[in-house]
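Since the structure comes first, as structure tokens, the remarks are kept for the end.
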Amino acid sequence: MTATPPSMSVFDALHARHSVRAFLPTPVPRDTIEAILADAATAPSGTNIQPWRVRVLTGDALRRVVDGALAIHNDPIQATKLEAEYSYYPLEWVSPFVDRRRKVGWDMYGLLGIGKADKDKMHAQHGRNYCFFDAPVGLIFTVDRVLTQGAWVDYGMFLQSLMLAAKARGLDTCPQAAWIHYHRQLSAWLDFAPNEMLVCGMALGHADPDAVVNRLRTERAPVAGFTTFIEA
């Protein structure tokens, strides 16, 4: 079997890509995953250091990680012992960032019929992260600890390239910062080297077209809202 070739332009993939939070169980062939990763690896990096390291989870390996993570997520005592490897979000939230964050959260919960008092439902929905939203492929990304901020800039371009390469092949993704709280566990389960630091996870597969959560589309600020043209 040969990998599914891209079926859309980069422009179309950019505008069609969004974070999918419900997937079909349809398998993704290994050669397709390899082709997507090969495409992503064309992303630029400073002096060509290529800082990315990827583990692809499918089948029993995926189930073991999902089962282990959910067991911790659903155990209040174990969950309190989780420690994020780094701070993805700011320690102090200010506008407009906190406003955008709240909006996407309540937009999603609104689609799912989850109210502010529905703590159990919120907990269950957050736990969907640790199922990779039922995707048949889970990706775990790490970076060498010796590398600094520049490598993380490079990593962002790699991740975006991966998501676009997947979308161009009719697949969907969801990048997941939620996994950073499981660095110690993933390190043990997936045999990280001592120098490896968890960056994030990502779900990969075919979106469930009937899942209401997949109707969520986040708003983007207009160009004028984040750009200053300096001409003289």
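The number of residues in region 104-122 that are farther than 11 Å from Leu216 by Cα and either in contact with a Leu (Cβ under 7 Å, 6 or more places away or on another chain) or loosely packed, with under 13 Cβ neighbours inside 10 Å (or both) comes to 6.
With respect to the stated conditions, Trp93 is among the aromatic types (Phe, Trp, Tyr), without any contact (Cβ under 8 Å) to a residue 12 or more places away in the chain and in a loop (DSSP other than H, G, I, E, B). Residue check: Pro175 meets all listed conditions (1) over 19 Å from Ala43 (Cα atoms); (2) in a strand (DSSP E or B); (3) open to solvent by 10 Å² or more (accessible area, probe 1.4 Å) but one, namely (1). Exactly one condition in (1) outside any helix (DSSP H, G or I); (2) of a type in the set (Val, Ile, Thr); (3) under 19 Å from the mean Cα position of the chain (by Cα) is false for Val104; which is it? For Val104, the exception is condition (1).
You will find that of Ala84, Ala40, the residue that is within 25 Å of Asn214 (Cα to Cα), within 16 Å of the chain's Cα centre (by Cα) and open to solvent by less than 80 Å² (accessible area, probe 1.4 Å) is Ala40 and no other.
For Arg53, the stated conditions hold: it is closer than 30 Å to Ile36 by Cα, charged (D, E, K, R), touching a Ser or Thr at 6+ places or on another chain (Cβ under 8 Å) and open to solvent by 100 Å² or more (accessible area, probe 1.4 Å).
In summary, His15 fulfils each of the numbered conditions (1) of a type outside the set (Phe, Trp, Tyr); (2) free of Cβ contacts under 8 Å to residues at least 60 places away in the same chain; (3) surrounded by 13 or more Cβ atoms within 10 Å (Cβ to Cβ) with the single exception of condition (3).
The values are calculated or read from the model by the stated rules, or taken from the named source; none is laboratory data. Computed from a prediction, not measured in an experiment: that's the story for all the values here. In this analysis, Cβ positions are derived from the backbone assuming ideal geometry, glycine residues included, and neighbour counts consider all displayed protein chains. In case anyone asks, the SASA skips ligands and DNA or RNA and just uses the protein heavy atoms, side chains included. Shrake-Rupley method; radii C 1.70, N 1.55, O 1.52, S 1.80 Å.
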